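Novice: Starting off with a structure, shown below.
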Amino acid sequence: MEIIIKVNAEAAGLLAAGLIAEKIRTNPKTVLGLATGGTPLPVYEELVRLYRQENLDFSSVTTFNLDEYVGLGGEDANSYCRFMWENLFNHINIAPERVHIPNGLAEDMEAHCLEYEDRIQQAGGIDLQLLGIGANGHIGFNEPNSSFASRTRVVNLAPETVKANRRFFPAEEDVPRRAVTMGIGTILESRSCLLLAAGENKAEALAAALEAPVSSSVPASALQSHPRTTVICDRAAAAKLRNRLKNESA
Ligand code: GLP
């Protein structure tokens, strides 16, 4: 596992976007796994700039998002679908039919989850999965104690996740309690993973994920067993890594 520490969140995002762009330039049919949250925003901003100014071509790229809130439609201001269109897809030349985001309103959720897994398979699997990390160590919405073999499914959000998401919703009772997420097993099947972490509130989770023994109580620690994972973080998120000096770069 390669761990790269950048000076701040913007620099970390720029590097991550550069790696994604390189993948797309090498293979225009790249299948990307994408994440939401504040952390990937600088990545998406840079990918849009690369499209506009440096001819980065998304026309043959396929994407699969990690997760979505159950109960929110794609048009809802807080849905991850809306987030992705507003922050990335509306601004690049991606083909809408190659964009995949779990549907939080699917009538038959079980069938929808199976179909989502099928679609990933049909696309040839995910080449590069971008991931953030929750302050409790979650990846996607795989909360602590999720099975490392888990697949796309509906999950209950941990109380600390509901609390962390409260800031985006008008009232506590509006925060969704359930989500549909790719499983840890699904994520581990990606050919490569790119974990991005920024901010001091991620320092503890990142240290637990990277430097403590692998444990289902820290879902992101599953990545220790993935042969091709790159971690890019800022100094604040790296603050509790004991091996950080070995990895630091400007
Ligand atoms: C949500 C998402 C995760 C994301 C996490 C951290 O829970 N489901 O995929 O990694 O938030 O978000 P942020 O980057 O805003 O800290």
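Novice: Quick test of the membrane-span-like rule: which DSSP H helices of the chain reach at least 30 Å along their long axis (C-alpha atoms) with mean Kyte hydropathy at least -1.0?
Specialist: Details: long enough: none.
Helices passing the filter in the chain: none found.
Novice: Which value, in Å² and to the nearest 10, is the accessible area of residue 10 when all protein chains are kept and the probe is 1.4 Å?
Specialist: 110
Novice: Taking the chain as a Gaussian network, Cα atoms linked when under 10 Å apart, which of 51, 116, 80 shows the biggest mean-square fluctuation?
Specialist: In this elastic network of the chain, the residue with the biggest mean-square fluctuation among 51, 116, 80 is 51.
Novice: One quarter of the convex hull surface, Cα atoms only: what value does that give for the range 175-226 in nm²?
Specialist: On the way: hull surface 18.6 nm².
Its average projected convex-hull area is 4.6 nm².
Novice: Here is a follow-up. If I stretch the segment between residue 97 and residue 169 completely, what's the gain in nm (0.36 nm per residue apart, minus their alpha carbon distance), one decimal? Show your work: numbers first, answer last.
Specialist: Values: separation 72, 0.36 × 72 = 25.92 nm, distance 2.96 nm.
Result: 23.0 nm gained on full extension.
Novice: Oh, and also: Please give the net charge around residue 132, taking every other residue with its beta carbon less than 13 angstrom from that of residue 132, where Lys and Arg add +1 and Asp and Glu add -1. Write down the numbers at each step before the final one.
Specialist: Values: positive: 202; negative: 67, 234.
Residues near residue 132 contribute -1 overall.
Novice: Would you work out the relative contact order for the range 1-156, in percent, from Cα pairs under 8 angstrom that are 6 or more residues apart?
Specialist: Numbers: 209 pairs, mean separation 39.1, N = 156.
For the range 1-156, the relative contact order is 25 percent.
Novice: What length, rounded to one decimal in nm, is gained on full extension from residue 123 through to residue 29, with 0.36 nm per residue of separation minus their alpha-carbon distance? It would help to have the intermediate numbers written out before the result.
Specialist: Working: separation 94, 0.36 × 94 = 33.84 nm, distance 0.96 nm.
My answer for the length gained is 32.9 nm.
Novice: Report the full-extension gain for the segment residue 217 to residue 191: residue separation times 0.36 nm, less the Cα-Cα distance, to one decimal in nm. Could the numbers behind the result be given before it?
Specialist: Working: separation 26, 0.36 × 26 = 9.36 nm, distance 2.40 nm.
Here the answer is 7.0 nm.
Novice: Sticking with this structure for a sec: Which entries in the list 163/202; 6/202; 163/240; 29/240 go over 26 Å, if you measure between the two C-alpha atoms of each? Could the numbers behind the result be given before it?
Specialist: Numbers: 163/202 15 Å; 6/202 15 Å; 163/240 23 Å; 29/240 38 Å.
Pairs exceeding 26 Å: 29/240.
Novice: Kindly report, to the nearest 10 Å², the accessible surface of residue 97 as traced by a 1.4 Å probe over protein heavy atoms only.
Specialist: Residue 97 exposes around 130 Å² with every protein chain in place.
Novice: Give the Rg/Rh ratio for the range 95-243, taking Rg as the radius of gyration of the Cα atoms and Rh as the Kirkwood radius, to two decimals.
Specialist: Taking Rg over the Kirkwood Rh, I get 0.97.
Novice: Per 10 Å bin from zero, what fraction in whole % of the C-alpha pairs of the chain is there, up to the bin with the longest pair?
Specialist: In order of increasing distance, the bins hold 8, 33, 39, 19, 1, 0 percent.
The values are calculated or read from the model by the stated rules, or taken from the named source; none is laboratory data. A quick note: this is a predicted structure, and the numbers were derived from the prediction, not measured. Cβ sites come from the backbone with ideal geometry, for glycine too, and all protein chains shown count toward neighbours. All accessible areas refer to the heavy atoms of the entire protein, side chains included, with ligands and DNA or RNA removed. Shrake-Rupley method; radii C 1.70, N 1.55, O 1.52, S 1.80 Å.
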